[in-house]
Amino acid sequence: MLIKLMYRYGLLSGRLRIHGCYNGRNECLTWDSKKFLQSIDPDQAIFTMSQNIAFSRVQRECKEIITNKELAETGVMIEIRNDSLTKIRGEIRGPPDSPYEGGTYALDITIPDEYPFQPPVCKFITKIWHPNISSQTGTICLDILKEQWAASLTLRTVLLSIQALLTLPEPNDPQDAVVARQYMDNAQLYKRTARFWAQHYAKAEGKRDDEFWNKIDKLKDMGVKQEDAISALSCNWWDLSRATDYVFG
């Protein structure tokens with residue numbers, strides 16, 4: 001592509017003579033296209049062009065999200081973290097009629113140099129109990145972030161799709177197998193656990209689950225850290241005996 005553009009504008013015609021005025025004298029400079037080509041690193045040139053495309057695209061998409069009042073009302077927001085627009089902090093609100101309702105979930109979004117031809121890399125910063133999101137790392141299993149990505153998709157689409165995933169989990173294509181199993185085998189316990197995590201980590205409002213907290217406190221009395229106790233009990237369906245064996249082996 002770079003070479004075609006240079007041919008089009010006559011920059012590869014051999015030796016180009018450029019006339020101009022310098023210090024009151026007419027000067028003639030000769031530009032050798034062959035030497036110029038030899039000095040170019042094609043990979044670096046393509047890489048730079050790709051970066052420019054990504055920057056312009058992300059800049060436009062970020063502006064669209066930041067200025068969209070309707071999007072803000074649904075709880076979708078972003079914060080730019082660096083001047084190159086490669087690091088973005090996303091934020092979504094837990095959707096109504098889901099265990100995540102009212103919670104605020106932060107996401108880490110990394111824009112690759114090949115964007116929009118490659119998808120952004122997204123993961124949850126806020127801990128969440130969901131079949132398609134790792135309860136340990138925040139990694140998201142969503143088709144548009146992998147094989148179903150298309151250059152026509154945008155950051156707005158990504159954030160809205162992740163928000164929709166909270167309403168409609170896909171347990172048959174899980175990122176977290178433990179959560180998926182709980183979702184399929186004991187839906188009520190899954191919802192209760194997801195709600196507990198939403199209240200504890202995403203600051204959703206709601207009545208305190210005293211039964212869960214009593215079990216957490218018992219593990220804490222054994223010297224287990226609070227976050228480890230929550231994880232162990234959640235993974236073991238809030239069975240204190242199993243969770244104790246899980247922690248102490």
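The values are calculated or read from the model by the stated rules, or taken from the named source; none is laboratory data. Quick caveat: nothing in here was measured; it's all calculated off a predicted structure. Glycine gets a Cβ as well: all are built from the backbone with ideal geometry, and neighbour counts include every protein chain shown.
Worth pointing out:
- Matching option when the condition is surrounded by 14 or more Cβ atoms within 10 Å (Cβ to Cβ) and in a strand (DSSP E or B), among Y105, Y115: Y105
- Scanning the range 163-201 for residues that are of a type in the set (V, I, T) and either assigned by TED's automatic domain parsing to the domain that holds K146 or closer than 21 Å to L142 by Cα (or both) gives T167, V178, V179.
- Checklist (1) in contact with a Phe, Trp or Tyr (Cβ under 8 Å, 6 or more places away or on another chain); (2) within 18 Å of P99 (Cα to Cα) applied to N236, failing item: (2)
- Given (1) in contact with a strand residue (DSSP E or B) (Cβ under 8 Å, 6 or more places away or on another chain); (2) touching a residue at least 60 places away in the same chain (Cβ under 8 Å), number of the condition T193 does not satisfy: (1)
- A177 fulfils the conditions (1) touching a Leu at 6+ places or on another chain (Cβ under 6 Å); (2) free of Cβ contacts under 8 Å to residues at least 24 places away in the same chain except for a single criterion, (1).
- Yes/no for W213 being outside any helix (DSSP H, G or I) and more than 20 Å from the chain's Cα centre (by Cα): no
- When the test is whether a residue is part of a helix (DSSP H, G or I), among the hydroxyl-bearing types (S, T, Y) and touching a residue at least 40 places away in the same chain (Cβ under 8 Å), T157 does not pass it.
- All of E61, E147 fail the test of being charged (D, E, K, R), exposed (fewer than 14 other Cβ atoms within 10 Å of the Cβ) and either touching a residue at least 40 places away in the same chain (Cβ under 8 Å) or part of a loop (DSSP other than H, G, I, E, B) (or both), apart from E147.
- For the range 175-189, the count of residues that are assigned to a loop (DSSP other than H, G, I, E, B), of a type in the set (D, E) and surrounded by fewer than 20 Cβ atoms within 10 Å (Cβ to Cβ) is zero.
- Residues of the range 118-135 classified as in contact (Cβ under 8 Å) with a residue 40 or more places away in the chain and in a loop (DSSP other than H, G, I, E, B), total: 8
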